1. Taking strands (runs of 3 or more DSSP E) that do not extend beyond the stretch 108-202, which have at least 1 residues that are under 30 Å from Trp237 (Cα atoms) and more than 16 Å from the ligand (Cβ to nearest atom)?
2. I'm told Arg309 meets every condition in (1) within 10 Å of the ligand (Cβ to nearest atom); (2) farther than 28 Å from Arg126 by Cα; (3) open to solvent by 50 Å² or more (accessible area, probe 1.4 Å) except one. Can you identify the failing condition by its number?
3. Filter the stretch 245-255 down to the residues that are without any contact (Cβ under 8 Å) to a residue 60 or more places away in the chain and within 7 Å of the ligand (Cβ to nearest atom) and list them by number.
4. Show the residue pairs meeting these rules: Cβ distance below 7 Å; 6+ apart or different chains; first residue within the stretch 258-274 and of a type in the set (A, V, I, L, M); second residue assigned to a loop (DSSP other than H, G, I, E, B) and surrounded by fewer than 20 Cβ atoms within 10 Å (Cβ to Cβ).
5. Could you say which residue among Ala228, Ala264, Ala210, Ala258 is within 9 Å of the ligand (Cβ to nearest atom), under 23 Å from Ala296 (Cβ atoms), small (Gly, Ala, Ser) and open to solvent by 40 Å² or more (accessible area, probe 1.4 Å)?
6. Report yes if some residue within the stretch 41-52 is part of a loop (DSSP other than H, G, I, E, B) and either touching a Ser or Thr at 6+ places or on another chain (Cβ under 8 Å) or of a type in the set (Phe, Trp, Tyr) (or both); otherwise report no.
7. I'd like the residue in the stretch 268-287 that is open to solvent by 10 Å² or more (accessible area, probe 1.4 Å) and near the ligand (Cβ under 6 Å from one of its atoms) and, out of all such residues, is nearest to the chain's Cα centre (by Cα).
8. Can you tell me how many residues within the stretch 128-168 are surrounded by 15 or more Cβ atoms within 10 Å (Cβ to Cβ), closer than 22 Å to Arg16 by Cβ and among the charged types (D, E, K, R)?
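The values are calculated or read from the model by the stated rules, or taken from the named source; none is laboratory data. Fair warning: this is a prediction, and the values are worked out from it, not measured in the lab. Backbone-built Cβ (ideal geometry, glycine too); neighbour counts: all protein chains shown. Accessible surface is based on the protein model in full, side chains and every heavy atom, while ligands, DNA and RNA are left aside. Shrake-Rupley method; radii C 1.70, N 1.55, O 1.52, S 1.80 Å.
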Amino acid sequence: VSDILVIAEVRRGEVREVTAEAVTAALGLGADRVVVGAFGGDGAGLSYEGVDEVVVVERDGEGFDGSLMQATAEALIADVQPAVVLCGQSADAQGFAAAVAARGGYGFASDVTHVGWDSGELVARRGAYAGKFEAELDFPAKATTILLTRVGAFDAAPIGDAVAVRRLDAELPAPASRHLDYVESKPADGVDITKADFLVSIGRGVKSQAQADQIGELAERIGAELSASRPVIDAGWVPRFRGVGQSGRKVTPSIYLALGISGAAQHLAGIRGAGTIIAVNTDEDAPIFEVADYGAVCDLAEVTEALERLSAGG
Ligand SMILES: Cc1cc2nc3c(=O)[nH]c(=O)nc-3n(C[C@H](O)[C@H](O)[C@H](O)COP(=O)(O)OP(=O)(O)OC[C@H]3O[C@@H](n4cnc5c(N)ncnc54)[C@H](O)[C@@H]3O)c2cc1C
């Protein structure tokens, strides 16, 4: 296997976790050399265990600009000549990686959950049909393939001893946009579910706005915060900042009570940091039971009614 390039994502001077996850995917491929490339900064925080070199393309300014990132990725690929390029699947990566692949004629896959070799050929698995299936892909006759790793699909690589940082001069175009400011999005009611110690989380097993509201009130009475899977958020029954998962929040409560949540990969990506997971689901084969510490195969209404009685002291 020849070299692998991991393109780092650095936001406001901090390396994002998706980069450490992409490094694990790279190391799993057993490359001769793993190089981490970054746009701007001094290379700090990129010396993961097993990485051989860090290459930094210098830049002025900050913030994401698709055309600058595209040119940076192209310069890094021209320099490292990798067989595989890995990036975390973030909003930023989706803003440049496909364009780089199209222009270079490279192989490309997004939402990658597994990557390996089969008879010397690169093979990647990715979600298909909104995560209901996994598709296995190969990239015949591609000397270079770009893969975006799904958030949470790989463990984060630990930082190792500092490795050499090399600067690379790249011809960058004029930016297509000007970064003005970062504006924090604030939860409308001041609740930050990422800080909650006890979450009562509802999924599509909940059938109405009224039932969602009722469980929200129950959660409050028993000292928990309400959170939800994406279909419940999309239905508008629970505000978006209470959504858990890959496109929602990553939560770390001591107790996560999942009511009527199937346990899709994109949901599980948000609860990897949870302590005790308790799942209630009518389907004994629901994938949530594979990660749950405790489970009950029953109608969630039975559990909420019992909790109502207990919280009323009855
Ligand atoms: C790019 C992308 C990003 C995504 N991001 C997220 C994300 O951040 N968060 C997220 O949650 N999803 C996300 N999804 C969607 C994800 O793939 C699943 O579709 C979603 O998590 C399913 O939510 P659910 O478990 O509530 O619903 P379902 O999968 O429909 O599961 C409902 C469960 O409830 C059970 N049930 C039904 N009735 C009852 C009852 N009366 N009592 C008990 N159990 C009952 C069923 O057996 C079933 O297991 C994303 C998808 C994509 C493609």
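1. 198-202
2. So the condition that Arg309 fails would be (1).
3. Once the filter is applied, which keeps residues that are without any contact (Cβ under 8 Å) to a residue 60 or more places away in the chain and within 7 Å of the ligand (Cβ to nearest atom), the stretch 245-255 yields Gly245, Ser247, Gly248.
4. Once the first residue is of a type in the set (A, V, I, L, M) and sits in the stretch 258-274, its partners that are assigned to a loop (DSSP other than H, G, I, E, B) and surrounded by fewer than 20 Cβ atoms within 10 Å (Cβ to Cβ) give Ala264/Gly131; Ala265/Gly131; Ala274/Thr252.
5. Working: Ala228 fails: open to solvent by 40 Å² or more (accessible area, probe 1.4 Å); Ala210 fails: within 9 Å of the ligand (Cβ to nearest atom); Ala258 fails: open to solvent by 40 Å² or more (accessible area, probe 1.4 Å).
Matching residue, one of Ala228, Ala264, Ala210, Ala258: Ala264.
6. Step one: filter the stretch 41-52 for residues part of a loop (DSSP other than H, G, I, E, B), giving 41-47, 49-52.
Okay, now just the ones that are also either touching a Ser or Thr at 6+ places or on another chain (Cβ under 8 Å) or of a type in the set (Phe, Trp, Tyr) (or both), so 46.
Looking through the stretch 41-52, at least one residue is part of a loop (DSSP other than H, G, I, E, B) and either touching a Ser or Thr at 6+ places or on another chain (Cβ under 8 Å) or of a type in the set (Phe, Trp, Tyr) (or both).
7. It comes out as Asn281.
8. 1
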